[in-house]
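Chemist: Pasting a structure here, questions to come.
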Amino acid sequence: MRLLAVLGAGLFLVAVDATVLHVALPDLVRELRPGAAAQVWIVAIYPLTAAPLLLPFGTLGDRFGRRRVLVTGYAVFGAASLGCAFAPDVTTLLIARAALGCGGAMIMPVTMSLLRELFPDQRRRRTAIAVCSGVAGTGSVFGPVLGGVLVEAWGWRATFLVNPPVILVAVVAALRWLPRTPPGRRPWDALSAVLAAGGVLGIAFAAGPSGGGVLAGVAGCVLLGLFVRRQRSAAVPLLDLALFRRPGVPGAVGGVLLVMSTLVGLGVLLAQYLQVVLGLSPTAAAARLLLVLGASAAGSVTAPALLGRFGNARVRTWGFALAGSSLAVPAAGGLTSWWLAAALVGSGFGMALALTSSTDTLLSAAPPGHAGGAAAVEKTGYELGAGLGTTAFGSLAAAVYAARLAVPPGVPEPAARLAAAGPVQAEAAARGFAAEGLLAAARAACTVGVQVSAGVACGLFAVAAVVSVLGRVRRGVRSAAV
């Protein structure tokens, strides 16, 4: 149990920092005054920096010792947290958030690969995976809750000051209780690591808040193609591509991407909706999001028994279906308290089932010597999903907001321009310029943006459920034919 506590502490903080700024962002905007694109980058640069580094750092743990890489990651994460807390301007904050992503990229895959090493028995490993997946999912949901409490008490900078003390305890506990992992005998292919990191970075940048464009995406695909070619010809590949030919693995990777993009992307929008449209305080808004946390925790606790009885593919399909049907509620306009509460509970439970079953599929499919690579694939999907979810859903909601914002007649031009940047800015414009009716118009446009985004997420989960069912049917037909 103490081993899970050590591993879970770092994983929890890494997950929290992906979403802790959701509720804190309005307070940060008031102090540092970033532009619309910079606001999205402040949130997204953390997961988009971590995603390209997960595979190199995960396999680095296989080669040089997992405990060593884990403790190094803790140190980087703690130092970067202090940099974020004391950042004097937007540029410094972005650099520190990127460093935070580097530390997280060391922690996450090594933590999950240690589960394969410390819990060789499948039943115990499934329980451990469920606990750590629940910790990660709960951390992502708890981030806004923690952010809301800290912002009301001390301001947005406090959201980063909670990390160093916990990290210090985690370092001491890891050095005392985690077994020293002997370095692997397999060579570590640095060129493959660079190709993989560059490929993921290109794709992430192409879909980033500033729209890196087709060129970055093409470059990323080319680098990933070279990476795959090198793995096929290498005597000792950095990543065993046979992992992706195993049943259920592609669906598991897609499941992690979908769950995290929705959980983080819609989380930002809902936190903003609760504060700007419903007028809740940061703490009150965060309290509403506790429903997702509780449901996610319940799903993680329930998952091991369901996986043992029904199998990963079936449980993942159920998770997709439940999340999709729950998100249909806000998509249809159910954003009042009771309807929204039901949607948050259902989606949180469903996504926990899908995430736990996907993680178990990936870690169980890999041999022990390649556990770091498999964990890195899972966490790449986790962070890339978080980053792309923030940018994709954020861009979608911003486009809908801009299209639906009906500025009342007589509003001064400076106030109209400020309001067009987003609902938080519209709130400031309405106060600063005494622009009557502007805030109501911004709230109406923000509501439509949340509905459209929830509708898109609902459709994606419905497609994922159908594809998952068809995949199971195809595998069943093949098995019967054999």
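The values are calculated or read from the model by the stated rules, or taken from the named source; none is laboratory data. Quantities reported herein were computed from a predicted structural model and do not represent experimental measurements. No Cβ is skipped: glycine too gets one built from the backbone with ideal geometry, and neighbour counts run over all protein chains shown. Only protein heavy atoms, including side chains, enter the accessible area calculation; ligands, DNA and RNA are left aside. Shrake-Rupley method; radii C 1.70, N 1.55, O 1.52, S 1.80 Å.
Chemist: Rounded, prolate or oblate: which fits the stretch 285-333, taking a ≥ b ≥ c as square roots of the Cα gyration tensor eigenvalues, rounded meaning a/c under 1.5, else prolate when a/b beats b/c?
Modeler: Oblate.
Chemist: Right, next: Could you size up the charge dipole of the chain around its Cα centre, putting +1 on the beta carbon of Lys and Arg and -1 on that of Asp and Glu, and report it in debye to the nearest 20?
Modeler: It comes to approximately 1800 debye.
Chemist: What value, in deg cm²/dmol to 500, does the helix sum -39500 (n - 2.57) over DSSP H runs of n ≥ 4 give at 222 nm once divided by the residues of the chain?
Modeler: Computed mean residue ellipticity for the chain: -28500 deg cm²/dmol.
Chemist: In addition: So for each of 268-277, 219-228, 42-51 I average, over its residues, the number of other beta carbons within 10 Å; can you give me the resulting order with the highest mean first?
Modeler: Output ranking for 268-277, 219-228, 42-51: 42-51, 268-277, 219-228.
Chemist: Roll a 1.4 Å probe over the protein heavy atoms and report the accessible area of D189 in Å², nearest 10.
Modeler: Using a 1.4 Å probe on the heavy atoms, I get roughly 30 Å².
Chemist: Apply 1/(1 + (r/R0)^6) to the Cβ-Cβ distance of L82 and A287, taking R0 = 25 Å, and write down the FRET efficiency to the nearest 0.05.
Modeler: About 0.30, to the nearest 0.05.
Chemist: For W188 and T302, what does the FRET efficiency come to when R0 = 51 Å and r is the distance between their Cβ atoms, rounded to the nearest 0.05?
Modeler: That pair, W188 with T302, gives E of 0.85.
Chemist: With a ≥ b ≥ c taken as the square roots of the eigenvalues of the C-alpha gyration tensor of the stretch 38-93, please select rounded if a/c is under 1.5 and otherwise prolate if a/b is larger than b/c or oblate if it is not?
Modeler: Here the stretch 38-93 falls in the oblate category.
Chemist: Oh, and also: Kindly express, to the nearest 10 degrees and within the range 0 to 90, the angle between helix 282-310's C-alpha long axis and the longest C-alpha principal axis of the chain.
Modeler: 30 degrees
Chemist: Below 8 Å between Cα atoms, with a sequence gap of 6+, how large is the relative contact order for the chain in percent?
Modeler: Result for the chain is 22 percent.
Chemist: Taking R0 as 35 Å, what FRET efficiency do you get between S233 and R180 from their Cβ-Cβ distance, rounded to the nearest 0.05?
Modeler: The pair S233/R180 has a calculated efficiency of 0.55.
Chemist: Scan the chain and report its longest stretch carrying no trypsin sites (Lys or Arg not before Pro) that are both in a DSSP loop and have at most 15 other Cβ atoms within 10 Å.
Modeler: 186-482
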